[in-house]
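Chemist: Please see the structure below; I have some questions.
Here, each number is a calculation from the coordinates, and none is a lab measurement. As the structure is a prediction and not an experimental result, all values here were calculated from the model. Every residue, glycine as well, gets a Cβ built from its backbone with ideal geometry; the counts of neighbours run over all protein chains shown.
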Amino acid sequence: MKPILHPRLVNDVFGDPGLQVNFLYEKRALLFDLGDISAIPNSVLLKVSDVFVSHTHIDHFIGFDHLLRIVFGRGKTLRLYGPENFIANVEGKLAGFTWNLVDKYSQSICLEVVEVREDHLRKARFRAIDKFKRSEESQEPFENGVLLAEPSFTVQTAILEHRVPCLGFSVKEMFHVNVRKDRLDASSFSSGPWLNELKRFIFEGKPDDFMVPVPVNGGKEIKEMALGPLKEDLIFTSPGQKIAYVTDTVYNEENKTRIVNLIAEADVFFCESPFLAEEEERGAERRHLTSRQAGLLAGEAAVKQLRTFHFSPKHKGRESQLQKEAQDAFQEIKNARKDSSPKKNDPHLT
Ligand SMILES: [Zn+2]
Ligand SMILES: [Zn+2]
C-alpha cells in the first residue's frame, strides 16, 4: 500500500511544535500549529489549504504572520481552525498591519476562521479586499468532533485542557484505494494521472455507469469506460491511514479519555513530551505531558507508531532518554495487552 498522507514534523524535537501533512499526487497540504514555520519551503506553504492550531501560545501561533506573508496576494481561501477565542486572536494579528493598498492586488486571499467550542463552531471570514474586516459571522452545530469532512478524509478534534482549551487532532483517510498493478500492466490502459481521477470518482461515490476517460495504447487514444467494470478489474480497497497530533496538555482522567478516543489505532501518533518521566509533578503544574505519559496514551489507544516532540530546552542532550522513556511505556502497555489477549491454542478456550 502506497500511503497517501505524508506527515512530517516541521522542526526538530526542541524547536517550535508543528506538523505538516502532504498528500501524495495532490497539490495540497495540511498544517498543524503555526509556530516557527520558516523551515517549510514556500512551495509547500502555498499548497496549504487548512491550518489547525492547537492553541495560541506564542510557540504555536507566531508563524501566522509568515504564512500570511507567503499566501497574501493569492486568490484562494485558507481555512484556519482553533480553540475558544481564536477568531479574536486572528483578528488581533490582522489588526497589527496596515492594509490601505490591498485593493490594488488583482487576487485577494480570504481567511475562513473556525473557532471550536464544546457544542458549536463559530465562523468568520476576513478578506484582504475588505482590509481584513471581520465578516459573515455564523454559528454551526458541532458533532462527533468532526471539523473537516471530505470524500477521501476527515479531520477530527478533541478539546483538551492546558489551563486554556487546547485542541488535539486526527486525520483519517476514509479507506485506501489500491490499483492492481499486475492487471493494469496486462491491460491496454496507460498508467498516469487518470488513476488519481479514478480514485477520486470512487471516493465521491460516483455510480457504476459513470463514464471515465481512460488513456489507452500509450496515451495515444482515450476510451470512455464505465466506472463499475473498471473498479472491479483494477481496484481493491484497504483500511485508510490515520495520523494523530496532540500537544500541550495535562495527564488527567478526562483528558486521557478524550485523547485515547481521538487517536485510537492511529498509524502514527505525534505527541508532545516536554518532561522526563520523573517530572510528573512539574508536568501537572505546567499542564504538559511527560515522556512516560505520552507512551501510556499511545499504548492505551493501540496506535502503531509513537513519535514524541516539543522537548523542553532544559533537556538538551537528553533527547534519547526522553524518547526511550516514551517508547518503553508504550511497549509496556503493548506487552500487557498481548499477555491478556486470548491465545489461539489455549485449551481452556476451546
Ligand atoms: Zn507549546
Ligand atoms: Zn502551550
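Chemist: Comparing Phe175, Phe189, Phe64, which has the greatest mean-square fluctuation in the GNM of the chain with Cα pairs linked when under 10 Å apart?
Modeler: In this elastic network of the chain, the residue with the biggest mean-square fluctuation among Phe175, Phe189, Phe64 is Phe189.
Chemist: Let me ask you something else. Extension gain Glu140-Phe97, at 0.36 nm per residue separation less the Cα-Cα distance, in nm? All intermediate terms of the calculation are to be shown ahead of the outcome.
Modeler: Numbers: separation 43, 0.36 × 43 = 15.48 nm, distance 3.00 nm.
This chain segment gains 12.5 nm when fully extended.
Chemist: FRET efficiency for Lys131 and His57, Cβ-Cβ distance as r, R0 = 25 Å, nearest 0.05? Write out the running numbers ahead of the final one.
Modeler: Numbers: r = 28 Å, r/R0 = 1.11.
Result of the calculation: an efficiency of 0.35.
Chemist: Give or take rounding to whole Å, what are the principal axis extents of the alpha carbon atoms in segment 1-77, in descending order?
Modeler: Cα spread of segment 1-77 along its principal axes, largest to smallest: 37, 33, 19 Å.
Chemist: Cα to Cα, under 19 Å, and not fewer than 8 places away if on the same chain: which aspartates and glutamates meet these conditions relative to Lys131?
Modeler: Asp65, Glu91, Asp103, Glu112
Chemist: Quote the FRET efficiency, to the nearest 0.05, computed for Ser320 versus Arg8 with a Förster distance R0 of 22 Å and r equal to the Cβ-Cβ distance. Walk me through the intermediate numbers first.
Modeler: Working: r = 21 Å, r/R0 = 0.93.
So the FRET efficiency works out to roughly 0.60.
Chemist: Could I ask something else about it? Any idea what the relative contact order of the chain is, in percent, if you count C-alpha pairs under 8 Å spaced at least 6 apart?
Modeler: That works out to 11 percent.
Chemist: Within a 10 angstrom radius of the beta carbon, how do Leu34, Leu67 rank from fewest other beta carbons to most?
Modeler: Values: Leu34 27, Leu67 19.
Ordered from fewest to most neighbouring Cβ atoms within 10 Å, Leu34, Leu67 come out as Leu67, Leu34.
Chemist: How would the chain be classified by its alpha-carbon gyration tensor: rounded, prolate or oblate, with rounded meaning a/c under 1.5 and the a/b versus b/c comparison settling the rest?
Modeler: Values: a/c = 1.97, a/b = 1.08, b/c = 1.82.
Here the chain falls in the oblate category.
Chemist: Here is a further query. Structure shown: which of Lys2/Lys223; Lys256/Lys316; Lys2/Lys199; Lys181/Lys231; Lys47/Lys93; Lys206/Lys242 lie over 18 Å apart, alpha-carbon to alpha-carbon?
Modeler: Values: Lys2/Lys223 27 Å; Lys256/Lys316 28 Å; Lys2/Lys199 13 Å; Lys181/Lys231 13 Å; Lys47/Lys93 22 Å; Lys206/Lys242 24 Å.
Distance filter (> 18 Å) returns Lys2/Lys223; Lys256/Lys316; Lys47/Lys93; Lys206/Lys242.
Chemist: Still on this model: Grab the alpha carbons of segment 1-143, take their convex hull, and tell me the volume per residue in Å³.
Modeler: Numbers: hull volume 18.1 nm³, N = 143.
Each residue corresponds to 127 Å³ of Cα convex hull volume.
Chemist: If you restrict to DSSP beta bridges whose two residues both lie in segment 198-350, what percentage is antiparallel, to the nearest 5?
Modeler: Numbers: 6 of 16 bridges.
Of those bridges, close to 40 percent are antiparallel.
Chemist: So which lysines can Lys314 reach, going by Cα to Cα under 20 Å and dropping same-chain residues fewer than 8 places off?
Modeler: Within the straight-line cut-off, Lys314 pairs with Lys324.
Chemist: Can you pull a Stokes-Einstein diffusion coefficient for segment 175-238 at 10 °C (1.306 mPa s), Rh from Kirkwood over Cα pairs, as a whole number of µm²/s? Don't jump to the answer; show the numbers that get you there.
Modeler: Values: Rh = 11.8 Å.
In µm²/s, the coefficient rounds to 135.
Chemist: Suppose only helical runs count, i.e. DSSP H with n ≥ 4. What mean residue ellipticity at 222 nm does that imply for the chain under -39500 (n - 2.57) per run, divided by all residues and rounded to the nearest 500 deg cm²/dmol?
Modeler: Values: 11 runs with 99 residues, N = 350.
That comes out to -8000 deg cm²/dmol.
Chemist: Count the DSSP beta bridges whose two residues both fall in the chain, then state the antiparallel fraction as a percent rounded to the nearest 5. The partial results should precede the final answer.
Modeler: Details: 50 of 73 bridges.
Percentage antiparallel, nearest 5: 70.
Chemist: Then there is this: Arranged by the count of other C-beta atoms within 10 angstrom, fewest first, what order do Arg337, Arg127 take?
Modeler: Result, fewest neighbours first: Arg337, Arg127.
Chemist: May I ask what percent, to the nearest 5, of DSSP beta bridges between residues of segment 74-209 are antiparallel? Can you show the working numbers first?
Modeler: Values: 25 of 31 bridges.
Antiparallel bridges: around 80 percent, rounded to the nearest 5.
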